[in-house]
């Protein structure tokens, strides 16, 4: 392998090692085939050079030193659960709830952002360009096949839970997020597939993927990553016991119907009682709607009483539910959900987990085209570290720092 300056990279080259930004966030995996979009991301993050495979169809002399960039990891990567905090804020919307969120008017002054990078203007949005790539089309095909396999497996599990094979169940998920595969950003892929039918199986696949990625961001062991992945996949198994007419009702649920749906954690735990899986997986099914401030259900647990894997699932579950299409509403903008987590999440969710999730998830929306609440359209070009939900957006030739515009926010991704 050899090191090539970022300015000399061309599509088709293959990364010879993982590429991180200065905070230790993974930008590109090892073995990734470079595209114009991924090179744009490297330039945005000011990556100076990258090691590429010698077999790449590009001949560039190695002009870099022998040592790679030293990465400073955030303290938040330590996943030891801090003490639970007392609740002082309004409740974050549950997946089956439809209350609107309002963002705080408080706007602390962020540090002066670096000079915004210059990107070539594109006719299509980032999402539109992504959907046209072979990479996305391959991911969508693999995801649909994995979901179909999951449906078949779950039918077998319900019939005979004692025969559940955890490794077989998560094998397709692991193949979608392995370091050797060609998918740069699973969150980009999932967002671009929001038109897929929303059902318990697709939601469980999404949550399983997100739990896997969050566990990696938290620097968990490989065994714990597998446990988190399986916990996400089986967290809603209890919904298979809920009448279909309630689950698929094309309107908001009544109080009685909502009460029926809220029995699914206990139902899921009961199903998994005889399954040959970790107690963490069983607890995740039972506790993924519990909250650190004691405001959750079904047991009103708080803080350290909640299984750590249930805390991981809780974050992925709410994020996916709020950003997915529902029968009674369209998907909420991820930046709206991130704002809700910023405003309320540190009381309800494990602080170390939610902070790690938000810091990483917001970076996946760099270069995405967005529409602001005033109707203007532009591209996200800089994330404000103190106000993650309020990035800098380039609109034409001007740059709008949303951290300084309290009455303006991102309305939707395009």
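The values are calculated or read from the model by the stated rules, or taken from the named source; none is laboratory data. Small disclaimer: the values here were computed from a predicted structure and weren't measured. Because the Cβ atoms are built from the backbone with ideal geometry, glycine has one as well, and the counts that use them run over all protein chains shown.
Key figures for this structure:
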| quantity | calculated |
| --- | --- |
| Test for residue 335: is it touching a strand residue (DSSP E or B) at 6+ places or on another chain (Cβ under 8 Å) and part of a helix (DSSP H, G or I) | yes |
| Odd one out for residue 304 among (1) crowded, with 20+ Cβ neighbours inside 10 Å; (2) under 24 Å from residue 219 (Cβ atoms) | (1) |
| Count of residues meeting criterion [within 24 Å of the chain's Cα centre (by Cα) and either more than 15 Å from residue 345 (Cβ to Cβ) or not in a loop (DSSP other than H, G, I, E, B) (or both)] in the stretch 290-301 | 1 |
| Single residue of 402, 372, 388, 358 found to be within 26 Å of residue 20 (Cβ to Cβ), outside the structural domain of residue 215 (by TED's automatic domain parsing) and surrounded by 17 or more Cβ atoms within 10 Å (Cβ to Cβ) | 388 |
| Out of 340, 304, sole residue that is assigned to a helix (DSSP H, G or I), at pLDDT below 90 and over 18 Å from residue 191 (Cα atoms) | 340 |
| Residue 259 being free of Cβ contacts under 8 Å to residues at least 12 places away in the same chain, in a helix (DSSP H, G or I) and more than 24 Å from residue 364 (Cβ to Cβ) | yes |
| Some residue of the stretch 289-298 being closer than 16 Å to residue 239 by Cα and surrounded by fewer than 18 Cβ atoms within 10 Å (Cβ to Cβ) | yes |
| The stretch 219-256: number of residues that are without any contact (Cβ under 8 Å) to a residue 40 or more places away in the chain and farther than 26 Å from residue 164 by Cβ | 4 |
| Subset of the stretch 364-383 [under 21 Å from residue 42 (Cβ atoms) and in contact (Cβ under 8 Å) with a residue 40 or more places away in the chain] | 364, 365, 366, 367, 368, 369, 379, 381, 382 |
| Residue list for the stretch 262-288, restricted to those being surrounded by fewer than 24 Cβ atoms within 10 Å (Cβ to Cβ) and part of a loop (DSSP other than H, G, I, E, B) | 262, 263, 273, 274, 275, 276, 277, 278 |
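Listed here are the residues, each with its yes/no results for (1) in contact with a helix residue (DSSP H, G or I) (Cβ under 6 Å, 6 or more places away or on another chain); (2) modelled with pLDDT of 90 or more; (3) surrounded by fewer than 18 Cβ atoms within 10 Å (Cβ to Cβ); (4) over 29 Å from residue 13 (Cα atoms).
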| site | (1), (2), (3), (4) |
| --- | --- |
| 136 | yes, no, no, no |
| 160 | no, no, yes, yes |
| 168 | no, no, yes, yes |
| 209 | yes, yes, no, no |
| 214 | yes, yes, no, no |
| 231 | yes, yes, no, yes |
| 245 | no, no, yes, yes |
